[in-house]
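For reference, the structure is listed below as structure tokens.
The numbers here are math on the coordinates, done by the rules we state, and not lab data. In this text the structure is predicted, and so the values were computed from the model without any measurement. Cβ coordinates were reconstructed from backbone atoms using ideal geometry, including for glycine residues, and neighbour counts include every protein chain displayed.
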DNA sequence: GCCAACGTTGGC
DNA sequence: GCCAACGTTGGC
């Protein structure tokens, strides 16, 4: 089982939306490096849910991958902001996963606090200028983060 | 609102 | 294939 970190803006889709829907396709990622990480995700993997563009930004919850390697349906939808005319169902360009809500923290682990505990090499999200919305988290780092956040369902 | 740090696009 | 211009992300 691997750990990841996925970013979302709470104004667009936050941890409470995730809790309400329980299960959802992580759609709308249109960056190749992030896509490659999404493709590498396996069922049972866990991902830290990160609120970006928030006050404060930080880790707010945990989700679990319940289905891997899904073609992002929004790429075929002309009405969607994420429509990609160059993508076809026969040869989809954007793959993602389905995730399930696991846990929301009562208190966010703010970016400032993350910086106190992790080096940029340890946790990519604390590095300035990291815009990637999907990042791998090493096992040992994940364990430290689980402890720091006080996660119960690790 | 600013702007650094990217990623993408398109002319050549 | 290069790279300038442009667009986006996201912290501050």
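I want to verify a result. In a Gaussian network model of chain A, Cα cutoff 10 Å, which of these has the top mean-square fluctuation: A:86, A:127, A:39?
A:86
Place a point 7 Å from Cα of residue A:138 in the direction of its Cβ. Which residues in the range A:85-127 have their backbone N less than 14 Å from it?
Only A:118-125 pass the distance filter.
If you average the C-alpha positions of the range A:24-85 and of the range A:89-105 separately, how far apart do those two centres end up, in angstrom?
The distance from the Cα centre of the range A:24-85 to that of the range A:89-105 comes to 5 Å.
Place a label point 7 angstrom from the Cα of residue A:39 along the Cα-to-Cβ direction, then list the residues of the range A:109-153 whose backbone nitrogen is under 17 Å away.
Inside the label zone: A:133-136.
Antiparallel versus total DSSP beta bridges in the range A:1-66: what percent is that, nearest 5?
Of those bridges, close to 50 percent are antiparallel.
Suppose a student asked you for the relative contact order of the range A:3-149, using Cα pairs under 8 Å spaced at least 6 residues apart; what percent would you report?
Reported relative contact order: 31 percent.
Taking the Cα atoms only, what angle lies between the long axis of helix A:139-149 and the longest principal axis of chain A, rounded to 10 degrees?
For helix A:139-149, the angle is close to 70 degrees.
Using just the C-alpha positions of chain A as equal point scatterers, what log10 of I(q)/I(0) does the Debye formula give at each q in 0.09, 0.19 1/Å?
Here log10 of I(q) over I(0) equals -0.27, -1.19.
Kindly provide the helix-only [θ] at 222 nm of chain A, computed as the sum of -39,500 (n - 2.57) over DSSP H runs of four or more divided by all residues, to the nearest 500 deg cm²/dmol? Before the final figure, lay out each step's value.
On the way: 5 runs with 38 residues, N = 154.
Helices in chain A give a 222 nm mean residue ellipticity of -6500 deg cm²/dmol.
Going by average Cβ density within 10 Å per residue, which order do the peptides A:136-144, A:41-49 take, highest to lowest? Write down the numbers at each step before the final one.
Numbers: A:136-144: 15.8, A:41-49: 19.7.
The packing order, highest mean first, is A:41-49, A:136-144.
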